[in-house]
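Trainee: The following block contains the structure, expressed as structure tokens.
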Amino acid sequence: MSDTVETSAVDFQQRALQLAGEQTSAAWLDALRYEGTEQWLAAAWPGRRTELWKYTPLNSLQRGDFRRWGAGQSCDLADDALLTLDAIRLVFVNGEFDAEASDCQAAEVVRFSQANTEQRQVIATHLGKIVDTKRHLFASLSNAWVNDGVLVHVPRNAALKKPVYLVHVSTPGAEAATVNQRTLIVLEDSATAEVIEHFISDEQAQNGFVNSLTEISIGANAALTHYRMNLEEEHLLHIGGVHVVLQRDARYHGFTLAEGSTLKRLDYQIYHRGQGAHADLNGVYLPRNNQLLDYHTNVEHEVPHCTTSEVFRGIIADSARAVFNGRIHIHPDAQKTLAELSNKNLLTSDKAEVDTKPELEIYADDVRCAHGATVAQLDQTAMFYLRSRGLSETQASTMLSFGFVNELLQELPREEVREHLHARLHTLFAKEHFSA
Amino acid sequence: MTEQVESLIRKDYSAGFHTSIESETLRPGLDEEVIRFISAKKDEPEWMLDWRLKAFRAWQEMEEPTWAHVHYPTPDFQALSYYSAPKSMANKPKSLDEVDPELLETYAKLGIPLHEQEALAGVAVDAVFDSVSVVTTYRAKLEEAGVIFCSISEAVKRFPDLVKKYLGSVVPQKDNFYAALNSAVFSDGSFVYIPKGVRCPMELSTYFRINEMNTGQFERTLIVADEGSYVSYLEGCTAPMRDENQLHAAVVELVALDDAQIKYSTVQNWYPGDKEGKGGIYNFVTKRGLCQRNARISWTQVETGSAVTWKYPSCILKGDNSVGEFYSVALTNNFQQADTGTKMIHLGKNTRSTIVAKGISAGRSQSAYRGLVRINAGATGARNYTQCDSLLIGDRCGAHTFPYIESKNPSAVIEHEATTSKVSDDQLFLCQQRGLDAEKAVSMIVNGFCREVFKELPMEFAVEAGKLLEVSLEGSVG
């Protein structure tokens, strides 16, 4: 590590603290902010020798000049940028709530700043308590920066009638803007909900850093379906985390899809804390150009009789780099665990790179665990077959690339999401640089 | 099933005896003086001493690695003795008749044939006792074929050009903490050179024995297979049972030039410590092979011993069309810990590698597979297949998998598969219902689990490995 990098890391850390000082959140969040600041100060800056950041240099973050918070403004998005969906919709532009674009009539969904006493109690109980900042450095920064956020709180035995649709838009500004995005989802026993998180940006949003953190607590026998789409413009830096705690017989159905950017790092942490809990998490990552996209997932099986199924597919084009790390940790008493992880990668260019590491750490014997990882290019025989049927090279490779990830898209229960992504991927694959 | 089986298979570490033999052991501690002493003792040329000192100075700057999934108190490097030799070896005996009978007795007890006429199937053996090579058998016959097989200290004197050219060419002095330590203080080991186009007429083998207390063993093996040659090399190791931990830090370098083939097999049976986890060998080994064009290196290892193992036999596939293979069975029982695996670095075009790793954990042991498959941008058409399976016996052991896969070439095809499961009750029930007792049933299932690896071992070793597994698994079924 050269000195310059070290200095710029310190600069970034200092600027981050200044930003934290400028944040004007309610006094009842002060304790969390104080705690976050302490942790941020104490944490070592990750370098090449930090295992969790081995393949993901933070240079672009260090180089960025993040001195000011993003400000709300009217945004000019393409017509098809958002889902057409009958939902409880909250729109944030550069981290600021946009009341006009939102449609929030449900008592279960509220911003932190609008929370009543009871809801504040829920926030105080869960916010910052689900995430383990040791495994996710930027969570402590998120704590230090906490201002507003969204609480989805579904009471016992209730079901949300409409899905919750959270839209985070980044728009261009003269200076680099910083956004701290925070979501807390709490499902009491036997509750059900569906939440869609959608990150997009204006085509011109050239500079900015989004630090996002979603904490999820799923009570006994409750079920959450959660979509997270990171479809921002490629110069926007994004570091995000999703942390899920599952109680007895709880279910979490997660889906995540991301396009790359100069730096995009997404962490998923799932904790099985009650017997019979089930989590499935499917993901698709599509970096291209000169992008970097890093997914780190970690599933902690702390109790017996839980199941996990995780499938990630990636298509890496141009000079892009994808990093995938999938860890499954079975604790000593977590017998009768079933856990599976599969990671498949398709490299479509000579300069593309993928670094994948599926990890198993197992301390119980009566378990069935498997993981698999593959890296390959488009099947030449399949290409030949399609060409011989009269398809152009672009058409053929689009079709094959699509087939590679479609398995995961097809299963999505929410039709609007499926169709939106379908259309989006079609345009993406058809672009010239995605041909083999 | 529990108690009956436990008593059935509670056998002891049979190689755990100590030979009382007069030894010359250097005072504990490590400084330049010690290195000068070792070098002088071995009558080494100046360049060799410089090489060692360079490594030592690098080592002083380095820190012990902590990334491995093992826990142990850091060895006190100043409390170890870095040289120990049986006194009777002071004037090196010319033939087997002059070797101390106590020493021969030791090897006879271990079942290692040093008498050529008694040796089965003609395996040439280099026997290393603490810090020195005791004897190398079948030398005459090997020399006829042009094969050089001797201890490394002898090679430094007799074949300085070869040693100078290749020593440290695959594992540089500064490679890692233990490799640097080894480069500074290595005492003995084997040197093999197979000339162009020669197929080595017999299996070569080295047998390592730690005997003296408070010593560390640091052997260095260098095998050079010249163009178009072939050699199969076996390595075995044992140590007496002692309460304190002893250190073994070896370096093995393989060089396979164009079209050459090296097959390196290890049966590692260092003393693993007792049932409470007391004592045992710390086995920190660096093994690496370099493949030139069309060359092939194949590592086969059966790891049953050592309290702590830290070992990653690797292949650098530099030449086009070269092939690397790694077959491993790592069995841990009681309090043993193993962090082992391989690295396959694909540099050349159309390079291929296969990794088959089987881990068996029993008792309170922890075993980890850690592997790296790296495909560099130039490795067009590279192919890797990795399979690592773990078998768990007992509910307090752990099995872990840390595979790193890095690919920079789209034409490369990499597959990795890992599974973890236990010896299933159904399988046990079926075997027992067919009249096998529980111990036989477990042993059969485990042997079946490891078959893919055992079939890669030379015949005599495969038999030994199978038996070793049975013994090592003792007390673990329940």
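The values are calculated or read from the model by the stated rules, or taken from the named source; none is laboratory data. Please read all numbers here as calculations on a predicted model, not as lab measurements. Counting neighbours? That spans all protein chains shown, and the Cβs are built from the backbone with ideal geometry, glycine included.
Trainee: For segment A:323-428, give me every one of the strands (runs of 3 or more DSSP E) that falls completely inside it and has 3 or more residues that are of a type in the set (S, T, N, Q) and within 22 Å of the chain's Cα centre (by Cα).
Mentor: A:338-347
Trainee: Write out, first by first residue and then by second, each pair whose Cβ atoms fall under 6 Å of each other, whose residues are 6+ apart or on separate chains, and whose first residue, in segment A:37-53, is within 14 Å of chain B (Cβ to nearest Cβ) while the second is assigned to a loop (DSSP other than H, G, I, E, B) and of a type in the set (Lys, Arg).
Mentor: Cβ pairs passing all conditions: none.
Trainee: Hey, could you check segment A:7-55 for residues that are part of a loop (DSSP other than H, G, I, E, B) and among the hydrophobic types (A, V, I, L, M, F, W, C) and say which is surrounded by the most Cβ atoms within 10 Å (Cβ to Cβ)?
Mentor: Here the residue is A:TRP45.
Trainee: Follow-up. Could you identify the single residue in A:ALA376, A:ALA396, A:ALA317 that is surrounded by 20 or more Cβ atoms within 10 Å (Cβ to Cβ) and touching a strand residue (DSSP E or B) at 6+ places or on another chain (Cβ under 9 Å)?
Mentor: Going through A:ALA376, A:ALA396, A:ALA317 in turn, the sole match is A:ALA317.
Trainee: Also, I was wondering about something else. Quickly run through segment A:131-170 and pick out the residues that are buried (at least 22 other Cβ atoms within 10 Å of the Cβ) and part of a loop (DSSP other than H, G, I, E, B).
Mentor: A:VAL131, A:HIS136, A:VAL146, A:GLY149
Trainee: Taking into account only those residues within segment A:64-97 that are surrounded by 13 or more Cβ atoms within 10 Å (Cβ to Cβ) and without any contact (Cβ under 8 Å) to a residue 60 or more places away in the chain, which is farthest from the chain's Cα centre (by Cα)?
Mentor: Once the filter is applied, the top-ranked residue is A:GLY72.
Trainee: While we're on this one: Please return the ranges of strands (runs of 3 or more DSSP E) entirely within segment A:191-256 where 1 or more residues are among the aromatic types (Phe, Trp, Tyr).
Mentor: Strands (runs of 3 or more DSSP E) meeting the threshold: A:192-201, A:208-218, A:223-231.
Trainee: Testing A:GLU361 on (1) crowded, with 18+ Cβ neighbours inside 10 Å; (2) more than 10 Å from chain B (Cβ to nearest Cβ), one condition comes back false. Which one is that?
Mentor: Unmet for A:GLU361, out of (1) crowded, with 18+ Cβ neighbours inside 10 Å; (2) more than 10 Å from chain B (Cβ to nearest Cβ): (2).
Trainee: Only helices (runs of 4 or more DSSP H) wholly contained in segment B:99-205 count here; list those with 2 or more residues that are modelled with pLDDT under 85.
Mentor: B:101-110, B:139-144
Trainee: Something else now. Mind checking which residues of segment B:381-407 are part of a strand (DSSP E or B), among the charged types (D, E, K, R) and facing another protein chain (nearest Cβ under 7 Å)?
Mentor: Of everything in segment B:381-407, just one residue is part of a strand (DSSP E or B), among the charged types (D, E, K, R) and facing another protein chain (nearest Cβ under 7 Å), namely B:GLU406.
Trainee: Consider B:ALA362 against the criteria (1) out of contact with any His (no Cβ under 6 Å at 6 or more places or on another chain); (2) over 22 Å from A:HIS371 (Cβ atoms); (3) among the aliphatic types (A, V, I, L, M); (4) at pLDDT 90 or above: it satisfies all of them except one. Which criterion is unmet?
Mentor: Exception for B:ALA362: condition (4).
Trainee: Search segment B:408-427 for residues being at the interface with chain A (Cβ under 7 Å from one of its Cβ atoms) and of a type in the set (A, V, I, L, M, F, W, C), and hand back the single one that is surrounded by the fewest Cβ atoms within 10 Å (Cβ to Cβ).
Mentor: B:VAL413
Trainee: Within segment A:39-74, track down each residue that is of a type in the set (S, T, N, Q), modelled with pLDDT under 85 and over 20 Å from A:LEU292 (Cα atoms).
Mentor: Matches in segment A:39-74: A:GLN73, A:SER74.
Trainee: Please go through segment B:264-299 and pick out each residue that is of a type in the set (Lys, Arg), surrounded by fewer than 21 Cβ atoms within 10 Å (Cβ to Cβ) and without any contact (Cβ under 8 Å) to a residue 60 or more places away in the chain.
Mentor: B:LYS278, B:ARG293
Trainee: Determine, yes or no, whether B:VAL442 is more than 30 Å from B:MET344 (Cβ to Cβ) and within 14 Å of chain A (Cβ to nearest Cβ).
Mentor: Spelling it out, B:VAL442 is indeed more than 30 Å from B:MET344 (Cβ to Cβ) and within 14 Å of chain A (Cβ to nearest Cβ).
Trainee: Looking at A:GLU407, is it among the acidic types (Asp, Glu), touching a strand residue (DSSP E or B) at 6+ places or on another chain (Cβ under 8 Å) and surrounded by 22 or more Cβ atoms within 10 Å (Cβ to Cβ)?
Mentor: Spelling it out, it is not the case that A:GLU407 is among the acidic types (Asp, Glu), touching a strand residue (DSSP E or B) at 6+ places or on another chain (Cβ under 8 Å) and surrounded by 22 or more Cβ atoms within 10 Å (Cβ to Cβ).
Trainee: Further question: For segment A:342-358, how many residues meet the condition of being facing chain B (nearest Cβ under 7 Å) and surrounded by 21 or more Cβ atoms within 10 Å (Cβ to Cβ)?
Mentor: Within segment A:342-358, residues that are facing chain B (nearest Cβ under 7 Å) and surrounded by 21 or more Cβ atoms within 10 Å (Cβ to Cβ) number 9.
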